[in-house]
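Structure below; questions to follow.
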Amino acid sequence: MTQSLILEKGPFSKDFAARVVEYYRSVDDGGTYAERKLREWEGDSGIILYQAGRGSDPVGWVVYRPDSSAVEEIVAQTEEKGLRESMMDALVGRESLVSAELLQNDTEKYGWMLRYGFRPTRRFTRDGAGLVKMELSIAVYLKKVRGKPPAKSYPDSEQVIIQKVPPTRSPEELKASLMNVIDSLGGLAKFVKQGESVVIKPNVVADHGFREGKYHGGVVTDLRVVRALIEILLPVAGKITVAEGASINRAETGKLFEHYGYDRLNEMDPEKVELVDLNADSLVRKTVPHGKRMLSREIPVTLDRADVIISMPVMKTHFAALVSLSIKNLQGAIAPLEKYMSHFFGLWQNLINIHHLVKPKLVIVDGLTAQEDFGPVYGTPKTMNLLIGGTNPVAVDATAARIMGFDPLLSPPILFAYMQGLGPVEPDKIQLLGASIDEVRDPFKEAELDVSGGERFLIHDGGACGGCRGYLHYVLNKLRRPDPKHPGINLIDRPFDRRVNVFLGPEAEVEPDPEETNVFLGICQQHQAEGGKHLPGCPPHAEVIMKGLYSLYPDVQRPRYADEHAEDKLEKMLMEVLEEEK
Ligand code: SF4
């Protein structure tokens, strides 16, 4: 049996340097890349050299830059088949999601990294050398880490309270239930000191909550719970801000506040209570520690300056993330361009990046009326009459997911947060207070995804994760409607002259045929971008997929998902940012 491969930090050695110089002799044909990098690494305390070994036998090295999570070199000392892949597996097990930077003319390394699951996201020049940045596909990463423990086990045990709320939900009952959540977790004084500023971050995502003029719940945080929390906070807090930044039509947070009656909250104490649209707030740039996919993020000053942040998500399913709970709730806490960039660079990882910079002190999940099926906005309300509270978002979300009947680690945001050390999911590390999970568990209907194509509209799903599958399902559904040009058939079955192929996921079972129309989805398909229409993102935003696929039907009006002009503006802004970075 082959011994498992271990990575250990070590010093730069002459042997390592000689191997690097030897390798680049052919790759860099007369260049000085190897010598320059060796000098740079040796003088840089921010670089780690991992020595890979089996037992006491050294087998290779990995040069790793933790502040950008980038592999800068990987060298095998033996000809063992699959050795570099094993070294990369060990690195991913230790450092989680990684990227890589390599010379553009290092085609051999590019080839095996592509086969491993890295994708080229940027080509640029530094110190005269043409480089390519590669990101590990998240779908590949999810498969690599599934069932494995994080590199560092979360050291603490976290408390989570499951609070049952009387179905009558009177203001007094809601306030008493909330008070019980807070008291069980240590009491109000533990969270808010006299005169401190508190930001409540509810989930006010979209205007889809009303049916036939009546709000049935489950889409936005129940106004009555927010009101009850403000009542509890008023005697202590110096200022209470209810802050949100709408996620779909990003210019409409104010309208949503009005729509759901939030705009009247400041009547409770006009001096102390205010509403803030985080999409219009001033921003402060922060470096993400051990940045992955994005190395810095702009955070609204309202959150940056708050003494205390209380996150109040709704208990919901999510068509791409399985559940939308407290980790997902912070997607609303960033500015429109940042939201757009999250989709572009990798939504799940960027939720974790935000959690390094915005840290709610208390999480209270609104599970009065939850949402199942095609959440977070098009699902069905589900009565649960619960509040779930805690101080650690991962422990709270894991508990809520279990109540919903799901394995928490099947939700990418929870898995990413767990693997990157933000909190525990193990039942023996979550001390439950209040009701037990068994007492309140009521399985939720999961969003069912259909990514099947049509007669001449083929979908090639090469192991895509729920991100691309979920967003593609949403758009394909819009094509399952009558084709005005061909009565009796749906748009998706239109008899295109050139067959349409949509490729998603990191694996390829079919080679794209250049004679056909080819659409490539997301970072997983970025390496094919030049062979057709590439829809960027991870997952691409619904509006990006909508625009891309509807461009195949120039005679059909595209359904509206989000404010198209706002999205176009954001796309332009992002392109400017990327251009500046070059
Ligand atoms: S590009 Fe799509 S399939 Fe690939 S990891 Fe991102 S969301 Fe998943």
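Bear in mind that the values in this text are calculations on the coordinates, not laboratory data. Remember, it's a predicted structure, so these values are computed and weren't measured experimentally. Quick reminder, even Gly has a Cβ in these numbers, built from the backbone with ideal geometry, and neighbours come from all protein chains shown.
With just the Cα atoms defining each centre, how far is the range 142-183 from the range 74-90? Give it in Å.
Rounded to whole Å, the Cα centres lie 42 Å apart.
Using a Förster distance of 25 Å, how high is the FRET efficiency between Glu455 and Arg558, based on the Cβ-Cβ distance and rounded to 0.05? Kindly include the intermediate steps, with their values, before the conclusion.
Details: r = 21 Å, r/R0 = 0.85.
That gives a FRET efficiency of 0.70.
Right, another one. In the range 409-503, which GluC sites (Glu not before Pro) are in a loop and have at most 10 other Cβ atoms within 10 Å, using DSSP for the loop call?
Here the sparse-neighbourhood loop sites are Glu448.
Check His534: other-chain or 5+ apart residues with amide H under 5 Å from its amide H, H built from backbone geometry?
Sorted by chain and number, the residues that satisfy this are Phe520.
Could you pull the Cα extents of the range 158-440 along its three principal axes, largest to smallest, in whole Å?
Cα spread of the range 158-440 along its principal axes, largest to smallest: 46, 44, 43 Å.
Expressed as an acute angle from 0 to 90° and rounded to the nearest 10, what is the orientation of the C-alpha long axis of helix 393-403 relative to the principal long axis of the chain?
70
Which distance in nm do the two modelled labels at Ala435 and Glu108 give, with both placed 7 Å along the Cα-to-Cβ direction?
Between Ala435 and Glu108, the simple spin-label model gives 6.2 nm.
Let me ask you something else. Report the one residue of Pro150, Val98, Phe345 whose Cα lies farthest in the direction of the positive end of the charge dipole of the chain (charges on C-beta: Lys and Arg +1, Asp and Glu -1; origin at the Cα centre).
The residue sitting farthest along the positive end of the dipole is Pro150.
Then there's this: Let me have the 222 nm mean residue ellipticity of the chain computed from DSSP H runs of 4+ only, each contributing -39500 (n - 2.57), with the sum over all residues rounded to the nearest 500.
Details: 19 runs with 185 residues, N = 582.
The per-residue figure over the chain is -9000 deg cm²/dmol.
When the Cα atoms of the chain are enclosed in a convex hull and the volume is divided per residue, what value in Å³ results? Walk me through the intermediate numbers first.
On the way: hull volume 99.5 nm³, N = 582.
Given the Cα convex hull of the chain, per-residue volume reads 171 Å³.
Here's another thing I want to ask about it. Return one number: the angle in degrees, 0 to 90 and rounded to the nearest 10, between the long axis of the Cα atoms of helix 83-95 and the longest principal axis of the Cα atoms of the chain.
Relative to the chain, helix 83-95 is tipped by roughly 30 degrees.
Next question, about the same structure. Can you pick out the pairs among Lys286/Lys361; Lys143/Lys292; Lys485/Lys569; Lys164/Lys239; Lys148/Lys201 whose Cα atoms lie more than 25 Å from each other?
Numbers: Lys286/Lys361 19 Å; Lys143/Lys292 18 Å; Lys485/Lys569 32 Å; Lys164/Lys239 29 Å; Lys148/Lys201 33 Å.
Flagged as over cut-off: Lys485/Lys569; Lys164/Lys239; Lys148/Lys201.
Once both labels are modelled 7 Å past Cα along the beta-carbon direction, what's the Asp442-Lys533 spacing in nm?
With each label point 7 Å from Cα toward Cβ, the separation is 4.3 nm.
Something else about it: Gain in length, Lys190 to Arg498, computed as 0.36 nm per residue apart minus the alpha-carbon separation, to one decimal in nm? Walk me through the intermediate numbers first.
On the way: separation 308, 0.36 × 308 = 110.88 nm, distance 6.49 nm.
That pair, Lys190 and Arg498, stretches by 104.4 nm at full extension.
Using the basic label-point model (7 angstrom from Cα toward the beta carbon), what is the Arg481 to Lys359 distance in nanometres?
If labels sit at Arg481 and Lys359, their model points lie 4.7 nm apart.
On alpha carbon coordinates alone, what is the Rg over Rh value for the range 457-570, Rh being the Kirkwood radius? Display every interim value, and only then the final one.
On the way: Rg = 13.8 Å, Rh = 14.5 Å.
Reported Rg/Rh (Cα atoms, Kirkwood Rh): 0.95.
Give me the distance between the Cα centres of the range 231-299 and the range 391-427, rounded to whole Å.
Between the Cα centre of the range 231-299 and that of the range 391-427, the gap is 25 Å.
Can you list residues whose amide H is under 5 Å from Ala237's amide H, if they're 5+ apart or on another chain and H is modeled 1.01 Å from N?
So Ala237 has HN proximity to Gly195.
Considering amide H positions built from the backbone, and no H for Pro or chain starts, which residues 5 or more places from Val288, or on another chain, come under 5 Å of its amide H?
Distant-sequence amide H within range of Val288: Ser296, Arg297.
Which whole-Hz couplings ³J(HN,Hα) result when phi for each residue of the range 147-154 is put into the Karplus expression 6.51 cos²θ - 1.76 cosθ + 1.60, θ = phi - 60°, listed in order with x for Gly and Pro?
Going residue by residue, I get x, 9, x, x, 4, 10, 5, 4 Hz, with x marking Gly and Pro.
With a Förster radius of 22 Å, plug the Cβ-Cβ distance of Asp127 and Ile6 into 1/(1 + (r/R0)^6) and report the FRET value to the nearest 0.05. Please list the in-between numbers first.
On the way: r = 33 Å, r/R0 = 1.52.
For R0 = 22 Å, the calculated efficiency reads 0.10.
Test of understanding: what is the full-extension gain from Asp428 to Thr287, defined as 0.36 nm times their sequence separation minus their Cα-Cα distance? Intermediate results must be reported in sequence, preceding the final value.
Working: separation 141, 0.36 × 141 = 50.76 nm, distance 3.36 nm.
Taking 0.36 nm per residue and subtracting the Cα distance, the gain is 47.4 nm.
Need the full-extension length gain, Met268 to Ser551, defined as separation in residues times 0.36 nm minus the C-alpha distance. One decimal, nm. Provide the component values of the computation, followed by the final result.
Values: separation 283, 0.36 × 283 = 101.88 nm, distance 4.93 nm.
Full-extension gain reported as 96.9 nm.
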